[in-house]
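Everything below concerns the one structure shown next.
The values are calculated or read from the model by the stated rules, or taken from the named source; none is laboratory data. Treat the numbers as computed from the prediction; the structure is a model and nothing was measured. When we count neighbours, we look across all protein chains shown, and the Cβ atoms used for this are built from the backbone with ideal geometry, even at glycine.
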Amino acid sequence: MDKTLETIALVHRLILGVALALFLVGVSNQRPNSVYEHAELEIQTLTNGIEAASEQVDTAYKAIYDKSELKVTTQAWLWQHNGKQQNVYIKVISPVDLAVPDSTQDPLLTLDAQVQWANRIYRDLDFPFLLCDVGRPQLIHALDKLFGASGRPSVTQLTIYLRDGTPGATVNRQFSCEIELKYEVQMGTVTGTRRAILHVPTTAVEVTQVVPWIDLDIAHAFKENGLGDFEDTRAVLVPNLWELWTYVGGRSPVAALSFLKQKRKEEEEKLKEKIEILGESLSRTTTIIMTSIVELCLMIYLLAHLIQVRRMLPEHQATVFESPFYGIMCTRLGRLVILCTFVIPFAVCFFVLVGVFPSFQPEWPGPLWIVSRAARWLLIALLGGTDWLLILQARNAVAALFEPQTKAATEGVNGPVAQ
């Protein structure tokens with residue numbers, strides 16, 4: 001019996017020591033820094049928003065110029081001189097501060113340029129859609145002068161250059177426009193293109209509505225892509241990018257994404273640090289799972305000894321009563337301490353299996369079914385059941401130890417009354 005009681009005390013201390021070590025492993029595990037991943041998502045959202053704004057601008061300008069005097073008159077003049085229908089493509093070049101900074105068009109474009117442009121659209125001004133208005137007679141005269149009355153040109157593109165007449169202003173801006181014509185020329189066996197400015201009076205008119213209806217509010221393209229809201233926000237919402245702005249602001253979206261992926265990969269490698277146990281190098285995930293299983297085995301081993309002591313208690317009551325493990329439970333505080341030492345290992349295992357392990361599950365080197373959610377909850381259930389049986393056995397043993405004393409005291413009190 002003495003060796004059994006010594007084993008119980010030793011295993012009890014061992015369970016507490018393993019629980020403490022497991023707790024230290026759990027709290028020392030650094031969580032992956034999500035700022036890099038969230039910053040990547042914000043870059044993708046920003047890119048999507050810019051692309052949506054670019055598409056919206058192209059759609060709006062196509063609708064604005066499809067029925068404009070410029071396009072209709074040019075196509076009518078070409079029909080008259082060539083005897084066939086020609087579709088003239090119109091391209092609009094906005095001032096630098098209004099041109100959509102699309103990284104698909106300019107690979108060297110930086111995140112800083114994109115965010116500053118979007119913030120200006122949010123805060124300072126509405127994006128103005130401008131129609132370069134021309135008079136029909138003046139346009140026909142300019143075309144006749146450029147090609148001659150007998151010319152048979154093939155026009156491929158009209159480019160509208162919008163100029164800012166009030167640089168630096170954010171309100172009451174005045175714009176002007178210039179028209180460039182691109183057409184084919186034949187020189188012997190060689191076909192090429194030429195560009196010429198149409199010298200024709202023009203007026204830049206700010207368009208406020210297009211029929212059928214076209215959305216002319218560019219800020220909506222950002223809001224619909226998660227870069228703001230429809231209420232109080234007057235700037236692009238990229239909080240994680242601002243946190244890393246020193247490192248990514250001057251990079252292009254592609255370069256910034258590569259940088260963030262590299263930083264996230266480096267951080268993930270740091271989180272895979274090994275732990276040395278008995279000369280063996282183990283990953284943190286392996287340590288958590290295997291230590292929890294060892295804890296369960298030790299608790300079952302202790303439970304077996306407690307059951308053995310409970311069965312042998314009537315013959316060795318005095319020895320059990322004097323043992324360190326059971327003797328401390330003679331007082332109410334001692335019983336509370338011992339019962340808490342049974343709860344602590346279960347609480348630690350629950351913490352590491354539910355709160356720590358899931359974020360590192362992809363690093364598990366073995367079959368995933370071993371550490372699946374169902375397997376981990378089964379392990380927690382076994383730990384909880386064993387812990388409950390340990391508490392129950394300890395309470396029953398203490399009750400059995402005090403039962404003779406309680407019975408004697410009761411008989412001593414009731415004895416004189418019976419006489």
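Annotations
- Condition check for Glu55: among the acidic types (Asp, Glu) and either on the phi > 0 side of the Ramachandran plot or within 24 Å of the chain's Cα centre (by Cα) (or both): no
- Pairs, first without any contact (Cβ under 8 Å) to a residue 60 or more places away in the chain in the stretch 33-57, second crowded, with 19+ Cβ neighbours inside 10 Å, C-beta under 7 Å, six or more apart: Ser54/Val100
- Odd one out for Lys272 among (1) at pLDDT 70 or above; (2) in contact with a strand residue (DSSP E or B) (Cβ under 8 Å, 6 or more places away or on another chain): (1)
Residue by residue, here is whether (1) free of Cβ contacts under 8 Å to residues at least 12 places away in the same chain; (2) touching a helix residue (DSSP H, G or I) at 6+ places or on another chain (Cβ under 8 Å); (3) surrounded by 15 or more Cβ atoms within 10 Å (Cβ to Cβ) holds:
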| position | (1), (2), (3) |
| --- | --- |
| Tyr65 | no, yes, yes |
| Ser68 | no, no, yes |
| Lys71 | no, yes, yes |
| Leu78 | no, no, yes |
| Asp97 | no, yes, yes |
| Val100 | no, yes, yes |
| Asp106 | yes, no, no |
| Leu109 | no, yes, yes |
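- Only one of the numbered conditions (1) over 44 Å from the mean Cα position of the chain (by Cα); (2) loosely packed, with under 13 Cβ neighbours inside 10 Å; (3) at pLDDT below 90 is not met by Pro137, and that is (3).
- Of the helices (runs of 4 or more DSSP H) lying entirely inside the stretch 308-398, those containing at least 1 residues that are under 44 Å from the mean Cα position of the chain (by Cα) span 332-350.
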